[in-house]
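Encoded as structure tokens, the structure appears first; notes follow it.
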Amino acid sequence: MGMEGIGARVLRKEDQRFITGKGRYTDDFKMAGMHYAAFVRSPHAHAKIRGIDKSAAEA
């Protein structure tokens with residue numbers, strides 16, 4: 001007798017692809033002109049930003 005409802009295991013159709021290494025993640029998709037972003041938080045609460053050195057990001 002199978003378990004139904006809350007607590008029941010759910011079979012997902014994509015599992016087989018990922019456990020065999022054939023699944024694709026969002027980072028696997030490449031598009032022309034695609035850019036990446038990274039969010040950086042200040043370690044100083046309520047500090048005022050006086051400037052941003054973007055040279056490392058542009059390298």
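Every number here is computed from the coordinates shown, using simple stated rules; none is lab data. Just so it is clear, the model here is predicted, and its values are computed rather than measured. Positions of Cβ are generated from backbone atoms using ideal geometry, with glycine treated the same way; all protein chains shown enter the neighbour counts.
Each helix, a run of at least 4 DSSP H residues, gives -39500 (n - 2.57); summed and divided by the residues of the chain, these come to -2500 deg cm²/dmol at 222 nm.
Taken one residue at a time, the phi angles of the stretch 8-13 give Karplus couplings (6.51, -1.76, 1.60, θ = phi - 60°) of 6, 6, 10, 7, 10, 5 Hz. Gly and Pro are set to x. Available extension along the chain between residue 32 and residue 56 is 6.4 nm, counting 0.36 nm per residue and deducting the alpha carbon span.
Couplings 3J(HN,Hα) of the stretch 37-50, computed from phi: 10, 9, 9, 10, 10, 6, x, 10, 5, 6, 6, 8, 7, 9 Hz, in residue order, whole Hz [Karplus 6.51 cos²θ - 1.76 cosθ + 1.60, θ = phi - 60°; x for Gly and Pro]. Charged side chains reduced to their Cβ positions (Lys and Arg at +1, Asp and Glu at -1) give the chain a dipole of some 80 debye around its Cα centre. Given (i) 5.7; (ii) 10.0; (iii) 4.1 as candidate values of mean projected area of the Cα convex hull in nm², which corresponds to the one derived from the coordinates? Label of the calculated value: (ii).
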